[in-house]
1. Given springs between every Cα pair under 10 Å in a Gaussian network model of the chain, which of 266, 246, 32 has the largest fluctuation?
2. Given Cα pairs under 8 Å that are at least 6 residues apart, what percent is the relative contact order of the range 145-235?
3. Take 150, 134 and order them by how many other Cβ atoms sit within 10 Å, fewest up front.
4. Please report how far the C-alpha centroid of the range 201-271 lies from that of the range 53-123, rounded to the nearest whole angstrom.
5. Beyond 11 Å, what percent of the Cα pairs of the range 26-66 remain?
6. State, as an integer percentage, the relative contact order of the range 31-153 based on alpha-carbon contacts under 8 Å between residues 6 or more apart.
7. By count of other Cβ within 10 Å, fewest leading, how are 99, 183 ordered?
8. Based on the Cα coordinates of the range 81-217, what is the per residue volume of their convex hull in Å³?
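Each reported figure results from applying straightforward, stated rules to the coordinates on display, with no laboratory input. Fair warning: this is a prediction, and the values are worked out from it, not measured in the lab. Methodologically, a virtual Cβ is constructed for each residue, glycine included, from the backbone with ideal geometry; neighbour enumeration extends over all protein chains shown.
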């Protein structure tokens with residue numbers, strides 16, 4: 001709805017509607033690339049940040065979305081901004097505001113927002129239960145409200161109609177069509193669309209990269225706590241990708257731009273932690289930084305054996 005309103009505004013300003021749609025997609029791509037580069041530079045030196053960002057943004061999913069008139073690039077930009085303000089600035093409220101706005105661009109983004117809100121309720125144990133309940137009620141109400149507003153007043157066709165139109169038969173007038181979808185239709189779509197698209201999708205290597213980074217982090221002595229912001233956002237994005245894929249059994253790359261970019265940033269950050277805290281340039285793995293934080297400075301008269309004993313403890 002927000003995307004259509006933006007196009008209408010540009011049209012009223014004298015911009016051709018086709019050019020307006022192309023301009024919004026191209027501008028979203030440019031802004032997304034700038035945000036991604038800025039985010040990468042927080043965890044990499046400038047040259048490496050440019051190289052990694054170029055590899056991501058010159059890949060097919062991103063360049064393809066930049067050239068087609070769809071709201072996917074704009075939705076990805078808003079979701080990435082929500083992830084940035086939550087992970088880097090620690091601003092939970094603003095991240096939920098942005099996720100609510102993203103629902104107005106692509107209504108299925110509500111799934112991500114609701115999952116994020118539920119995860120914070122269940123696993124952010126450092127905050128009081130009452131605080132978490134209030135946050136969950138407020139954020140989920142805003143996201144559901146945006147979803148209801150879009151689906152009721154923007155003429156959304158619904159899951160059944162979209163499924164039939166995509167996987168069974170093309171509908172000339174989907175708004176007025178009466179369709180039926182059964183379990184056999186769903187499993188046929190999984191076999192003929194999801195499995196082949198998964199074999200060629202960018203989702204698999206991005207997810208594997210993130211999982212490998214987390215495994216190396218644990219191997220080097222790191223800890224993955226479910227209430228830690230980076231782990232929280234990683235798990236929510238992974239689960240969201242899986243659930244959205246099961247609900248709509250195909251992997252359209254343009255739906256997951258935000259997932260791919262945030263996966264790349266999370267993997268880079270985690271691998272840098274592995275190098276810094278686990279396997280440095282000196283010989284052998286280093287001790288965990290959390291364990292180091294508990295070590296008291298040794299006095300001048302402490303013996304070498306005493307120091308070694310304190311470190312191993």
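1. Ranking 266, 246, 32 by mean-square fluctuation puts 246 first.
2. On the way: 29 pairs, mean separation 12.8, N = 91.
RCO, the range 145-235: 14 percent.
3. Numbers: 150 21, 134 11.
Arranged by neighbour count, lowest to highest, 150, 134 become 134, 150.
4. 14 Å
5. Of all Cα-Cα distances in the range 26-66, 60 percent exceed 11 Å.
6. On the way: 98 pairs, mean separation 23.1, N = 123.
The value is 19 percent.
7. 183, 99
8. So the per-residue Cα hull volume is 166 Å³.
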